[in-house]
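Peer 1: Okay, here's the structure, questions in a sec.
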Amino acid sequence: MSKVLETTQILEDYLVMSYEELHERIELAREELGKRIVILGHHYQRDDVIRHADLTGDSYQLSVMASQTEAEYIVFCGVHFMAESADILGKDSQRVILPDLGAGCSMADMATIDQVEDAWEQLREIGVLKSKVAPITYMNSSAAIKAFCGRNEGVVCTSSNAVPLFDIYLKEFDKMFFFPDQHLGRNTGAKFGIPLDKMALWNPHEELGGNTEEELHEAKLILWRGHCSVHGRFKPWHVDKIRADIPGVQVLVHPECTREVVEMSDLNGSTSFIIKTVENAPSGSKWAIGTEVNLVNRLQQRFPDKEVLLLAPDLCMCATMYRIAPQNLAWAMENLLDGTVVNEIVVEAETKHFAGIALERMINLTEAKKN
Ligand code: 13P
Ligand code: SF4
C-alpha cells in the first residue's frame with residue numbers, strides 16, 4: 001500500500017468513515033506495526049472483521065495461539081472471556097486488546113464467582129465434598145471462575161476437548177461440578193453413559209441449587225444452570241422440518257445446543273469440528289448447521305458445490321461477538337500506532353496465577369491425549 005492515512009484516535013470519528021476507508025486504515029496500521037501485533041479472530045466474527053485476522057480458530061485453538069505468539073500486542077476479535085484467557089496465557093510483556101469492551105458472553109455472565117463459591121460451600125456443608133469433586137469450567141466463564149477451578153484441582157475445557165477431559169476427570173474423581181453451560185455438560189456426560197437422573201441441575205438462585213441433599217450425593221455430574229441463548233434457538237422441530245424439506249440432509253450442531261437437538265443430530269462438535277466436517281464432505285452433500293450464522297454463511301460461500309444451510313430459519317447471531325466491528329478495530333490499531341493501548345484486558349495477578357494453572361492443565365492434558 002502506498003498512501004499513509006493521517007491517524008485519528010477518537011472513536012466517534014471512525015463511526016462516520018466508509019467501510020472502504022476503515023479497511024484501508026486497518027491494513028495500513030497492521031503493515032506499520034508489523035510483527036508487533038497479531039490479530040486473532042474467533043470463527044463467529046463477522047466477515048468484515050475476520051478478513052483482517054492473522055489467525056482464526058475456535059476458543060481452544062485461540063488460547064493456544066495466544067500462549068505461543070511473540071507479538072507485543074494481541075488484538076482479540078472475540079469476546080471478553082477469550083481475551084482474558086489470552087492475557088492469562090500470554091507473556092507478562094504482552095498486552096491484550098478487546099476492540100469493544102461490550103463484547104461479552106451472556107452464558108459466561110450466568111455464573112458469578114460469588115455464586116460458585118457459595119454453591120461449593122453448600123456442597124461442603126452437606127458433606128458432598130467428602131467425596132472427590134472436580135470443578136470444571138467451560139472456557140466461557142470469567143477468569144475468577146477459572147481461578148477457582150485452578151485452586152481446587154479442576155480444569156477448564158472447551159467444546160473441542162470436553163470429551164477427553166471428561167474422560168480423565170471421570171476416572172480420577174467421584175463427581176464433577178460443571179459451570180456454566182448445562183448443555184455442553186449434559187451432552188458430554190451423556191457420551192460417557194451418565195444417565196440423566198445422575199445429573200443434577202444447579203440453580204444458583206435456590207437453596208442447594210434446587211436439589212435435595214440426596215440428589216446431590218447421588219449425582220455423578222452437577223450442572224450449572226447456564227445456557228447460550230444463540231444455540232438455544234435451535235429446536236427439535238427445526239431438525240424434523242429440515243429433514244422433511246431436504247431429503248438426505250445431515251444435521252451438524254454445536255454441543256451448546258440442547259440435549260434433544262444434539263440427540264436428533266447426525267454429528268456435533270466445536271466450531272472447528274463443524275468447519276472441518278464440511279470441508280471434508282463430498283461435493284453435493286447437504287448440511288443443516290446449528291451454530292452461529294456468520295460461520296454458516298462463510299461455509300456457504302466457501303463451498304458452493306455443497307448445500308449448506310442454517311438449521312433454523314431465523315437469525316442465530318451472537319450479538320456480542322458482532323460488537324467487534326471494523327470501526328473499533330481501526331480505532332484500537334491506530335491508537336497503537338501512536339503508542340496508546342485502548343481497551344486493554346488485564347486480569348488481576350492472583351486470579352491470573354490460579355486461572356493460568358487451570359488453563360495450562362487444560363492445554364497439557366489435551367495435547368497429551370492427542371499424542
Ligand atoms: P468454540 O469452543 O467451538 O469456539 O465455541 C465457543 C463459543 O462461544 C460457542 O458459542
Ligand atoms: Fe457466548 Fe453463545 Fe456468543 Fe458463544 S455464541 S460467545 S456462548 S453468547
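Peer 1: Among the helices (runs of 4 or more DSSP H) confined wholly to region 219-332, which include 2 or more residues that are in contact with a helix residue (DSSP H, G or I) (Cβ under 7 Å, 6 or more places away or on another chain) and among the polar types (S, T, N, Q)? Walk me through it before giving the result.
Peer 2: Details: elements: 236-245, 259-264, 271-280, 293-302.
Per the criteria, 271-280.
Peer 1: In contact with a strand residue (DSSP E or B) (Cβ under 7 Å, 6 or more places away or on another chain) and of a type outside the set (Val, Ile, Thr): does that describe residue 310?
Peer 2: On the way: in contact with a strand residue (DSSP E or B) (Cβ under 7 Å, 6 or more places away or on another chain): yes; of a type outside the set (Val, Ile, Thr): yes.
Yes, satisfied.
Peer 1: Give the residues of region 286-323 that are in contact (Cβ under 8 Å) with a residue 24 or more places away in the chain, polar (S, T, N, Q) and out of contact with any Gly (no Cβ under 9 Å at 6 or more places or on another chain), sorted by residue number.
Peer 2: Hits for region 286-323 are 291, 294, 297.
Listed here are the residues, each with its yes/no results for (1) in contact (Cβ under 8 Å) with a residue 12 or more places away in the chain; (2) closer than 29 Å to residue 57 by Cα; (3) touching a strand residue (DSSP E or B) at 6+ places or on another chain (Cβ under 6 Å).
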| site | (1), (2), (3) |
| --- | --- |
| 135 | yes, yes, yes |
| 156 | yes, yes, yes |
| 164 | yes, yes, no |
| 168 | yes, yes, no |
| 172 | yes, no, no |
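Peer 1: Looking at region 324-347, which of the residues that are touching a residue at least 40 places away in the same chain (Cβ under 8 Å) and more than 25 Å from residue 47 (Cα to Cα) is farthest from the chain's Cα centre (by Cα)?
Peer 2: Taking region 324-347 as the starting set, the residues that turn out to be touching a residue at least 40 places away in the same chain (Cβ under 8 Å) are 324-338, 340-347.
Filter once more, so that each one left must be more than 25 Å from residue 47 (Cα to Cα): 338, 340, 346-347.
Details: 338: 31, 340: 28, 346: 19, 347: 18 Å.
Ranking the candidates gives 338 first.
Peer 1: How many residues does region 302-348 contain that are over 20 Å from residue 73 (Cβ atoms), more than 16 Å from ligand 2 (Cβ to nearest atom) and modelled with pLDDT of 95 or more? Walk me through how you get there before you give the answer.
Peer 2: Kept after step one, since they are over 20 Å from residue 73 (Cβ atoms), are these residues of region 302-348: 302-322, 348.
After this cut, where a residue has to be more than 16 Å from ligand 2 (Cβ to nearest atom) as well, the list is 302-309, 313, 348.
Still in the list and also modelled with pLDDT of 95 or more: 302-309, 348.
Looking only at that region, the number is 9.
Peer 1: Across region 60-83, what is the number of residues that are surrounded by 20 or more Cβ atoms within 10 Å (Cβ to Cβ) and either of a type in the set (A, V, I, L, M, F, W, C) or over 21 Å from residue 326 (Cα atoms) (or both)?
Peer 2: Within region 60-83, residues that are surrounded by 20 or more Cβ atoms within 10 Å (Cβ to Cβ) and either of a type in the set (A, V, I, L, M, F, W, C) or over 21 Å from residue 326 (Cα atoms) (or both) number 14.
Peer 1: Is there a residue being within 16 Å of ligand 1 (Cβ to nearest atom), buried (at least 21 other Cβ atoms within 10 Å of the Cβ) and not β-branched (Val, Ile, Thr) anywhere in region 273-289?
Peer 2: No, every residue in region 273-289 fails to be within 16 Å of ligand 1 (Cβ to nearest atom), buried (at least 21 other Cβ atoms within 10 Å of the Cβ) and not β-branched (Val, Ile, Thr).
Peer 1: If we only count helices (runs of 4 or more DSSP H) wholly inside region 1-66, which ones have 1 or more residues that are without any contact (Cβ under 8 Å) to a residue 40 or more places away in the chain? Step through it out loud before you land on a result.
Peer 2: Details: elements: 11-15, 19-33, 47-50.
It comes to 11-15, 19-33.
The values are calculated or read from the model by the stated rules, or taken from the named source; none is laboratory data. Here the structure is a predicted model, which means the values were calculated and not measured. Reconstructed Cβ throughout: ideal geometry from the backbone, glycine too, with neighbour counts over all protein chains shown.
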